[in-house]
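The structure appears below as structure tokens.
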């Protein structure tokens, strides 16, 4: 039914991908791989979404990247339909499944919960094309290092590139936050996709 409402299966998949990953940028071939649709169909629907204003595009290193337009007037309602809970809901609610998307895992953070007591989880760097932090994945909490290494290996395989990550305890993070540590300050200010933020610490 939702495909009939929004025009096509490809368009619905694109909306699910973009709204499940705010601040995340994707290039065309990456999108076709993630949603498993033909590139011509993807290009056509991307053009439609661009013309409406639902997504925006930008070029970096001769690649055209697309991401959801958070200034679009219907961003919040569409996030409630296709995303992980809307801008007024915690991004940690990764078990919220968009309509008709039970078999389509468009958000990469589902397995993060299995790493231990994860207080904060962030994608930045290569995911958002903001290299100010020097890392791609930032984690805070009581995390099982063996599971983390396995998770990172799987994520690298899924993304098709090497990824940099940093993890620290909650007490270390809070101390660094208090003394305005440069690395933590950069995390706060960087363009990022917040996957988990249990204490609303990432207000930058």
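The values are calculated or read from the model by the stated rules, or taken from the named source; none is laboratory data. The model shown is predicted, which means the values in this text are computed figures rather than measured ones. Note that we place each Cβ from the backbone using ideal geometry, even for glycine, and neighbour counts take in every protein chain shown.
Among the conditions (1) closer than 29 Å to residue 82 by Cα; (2) modelled with pLDDT of 95 or more; (3) crowded, with 19+ Cβ neighbours inside 10 Å, residue 108 misses just one, which is (2). Within segment 56-69, does at least one residue satisfy the condition of being more than 24 Å from residue 124 (Cβ to Cβ), touching a residue at least 12 places away in the same chain (Cβ under 8 Å) and either within 20 Å of the chain's Cα centre (by Cα) or not assigned by TED's automatic domain parsing to the domain that holds residue 129 (or both)? No - not one qualifying residue is present in segment 56-69. Going by what's in this entry, would residue 102 be described as surrounded by 21 or more Cβ atoms within 10 Å (Cβ to Cβ), at pLDDT below 90 and either closer than 19 Å to residue 19 by Cβ or not assigned by TED's automatic domain parsing to the domain that holds residue 62 (or both)? No.
Conditions (1) in contact with a helix residue (DSSP H, G or I) (Cβ under 7 Å, 6 or more places away or on another chain); (2) part of a loop (DSSP other than H, G, I, E, B); (3) under 21 Å from residue 33 (Cα atoms); (4) free of Cβ contacts under 8 Å to residues at least 24 places away in the same chain, marked per residue:
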site: 133; (1), (2), (3), (4): yes, yes, no, no
site: 140; (1), (2), (3), (4): yes, no, no, no
site: 149; (1), (2), (3), (4): no, no, no, yes
site: 154; (1), (2), (3), (4): no, no, yes, no
site: 161; (1), (2), (3), (4): no, yes, yes, no
site: 173; (1), (2), (3), (4): yes, no, no, no
site: 180; (1), (2), (3), (4): no, yes, no, yes
site: 187; (1), (2), (3), (4): no, no, no, no
site: 195; (1), (2), (3), (4): yes, no, no, no
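Before we move on, is residue 120 surrounded by 16 or more Cβ atoms within 10 Å (Cβ to Cβ) and under 22 Å from residue 20 (Cβ atoms)? Spelling it out, residue 120 is indeed surrounded by 16 or more Cβ atoms within 10 Å (Cβ to Cβ) and under 22 Å from residue 20 (Cβ atoms).
Of the numbered criteria (1) out of contact with any strand residue (DSSP E or B) (no Cβ under 6 Å at 6 or more places or on another chain); (2) not in a helix (DSSP H, G or I), the one residue 191 fails is (1). Among the residues of segment 51-81, those identified as touching a strand residue (DSSP E or B) at 6+ places or on another chain (Cβ under 8 Å) and closer than 16 Å to residue 13 by Cβ are 54, 55, 66, 67, 68.
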